[in-house]
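Here is the structure we will look at, set down as structure tokens.
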């Protein structure tokens, strides 16, 4: 982590002024840093629309951004759907979605670049990427092949008209058959690598439904109303049922796998050009399905 402090002579919206002061970051990266509290003004967390005044002290605390060469790589893809505008891919567990410091290649974006042209809205290292899932989460992602498609898909996410359903295995027995978790999420004050439920965090809502109960675990489906970083993982821990296998938010004593048992199983959205509703499903990965078969069902 590196800290950069600049005393500004500029005035105007914080996200715009920050773009002039910290040129190694894109505007979207700076907006994310502001939301996470990693870009502060005079030592305080503020919103992107904060009006910067002359002599304000603006500080960024974040990983150093390095310029990387983005390579197209011939990596096999599990393509569920594709046309001239969009592509739906079933991402395997263990694959990073886009390059970043520490993961400069072998990502989904590297594979996609080899396969087809992608939208440019998200900048150099996230072409085509409308939404993300964690490295160790498997499942469905929609990808934009041009900027028109990207704008439509991103707007659907913002307006909550697209549908995303995840399957997860969690510790303990959830008594309720269904429920909704509404708790704001932001960067943890204790561990900067983690997200947490925090008072000044971003609005986050997760709906869950119990699919099966086992001796020490519960198999659930989760629908996202918002799409915050690590949302399902943090929300389930918050109610006392962390994901099985989660190395960041789960207990040490857990079922060993290749990370959390979380799979993006269903994805639905309106086609960005035709408007036709598209719905897709991806089966559980083999290790997830095998694990469920070994557990003692109690309902």
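We did not get these values from a lab; they are worked out from the coordinates using the rules stated. Bear in mind the structure is a predicted one, so any value in this text is a computation, not a measurement. No Cβ is skipped: glycine too gets one built from the backbone with ideal geometry, and neighbour counts run over all protein chains shown.
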How many angstrom separate the Cα center of segment 133-182 from the Cα center of segment 236-252?
-> 19
Just for the chain, what percent of DSSP beta bridges are antiparallel, to the closest 5?
-> 95
Computed over the chain: relative contact order in percent, which uses C-alpha pairs under 8 Å that are six or more apart | 14
Take each of the peptides 187-200, 137-150, 80-93, 38-51, average the number of other beta-carbon atoms within 10 Å over its residues, and list them starting from the highest.
-> 137-150, 80-93, 38-51, 187-200
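So what's the back-of-envelope 222 nm ellipticity for the chain, counting only DSSP H runs of four-plus at -39500 (n - 2.57) apiece and dividing by all residues, rounded to 500?
For the chain, the value works out to -5500 deg cm²/dmol.
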FRET efficiency for residue 78 and residue 273 from the Cβ-Cβ distance with R0 = 25 Å, rounded to 0.05, comes out at 0.55
What nm value, rounded to one decimal, do you get for the distance between residue 182 and residue 147 when each label is placed 7 Å out toward the C-beta?
-> 3.8
Taking one equal scatterer on every alpha-carbon of the chain, how large is log10 of I(q)/I(0) by Debye at q = 0.11, 0.12 1/Å?
-> -0.73, -0.87
Run the numbers on segment 120-225 and let me know its relative contact order in percent, using alpha-carbon pairs under 8 Å that are six or more apart.
-> 23
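Relative contact order, percent, of segment 2-62 when contacts are C-alpha pairs under 8 Å separated by at least 6 residues? Walk me through the numbers on the way to the answer.
Details: 110 pairs, mean separation 30.6, N = 61.
This gives 50 percent for segment 2-62.
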Can you tell me the 0 to 90 degree angle between the C-alpha axis of helix 27-36 and the longest principal axis of the chain, rounded to 10?
-> 70
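At a 10 angstrom cut-off on C-beta neighbours, averaged per residue, how do the peptides 158-166, 14-22 rank from highest to lowest? All intermediate terms of the calculation are to be shown ahead of the outcome.
Values: 158-166: 15.8, 14-22: 18.9.
Listed from highest to lowest mean packing, they are 14-22, 158-166.
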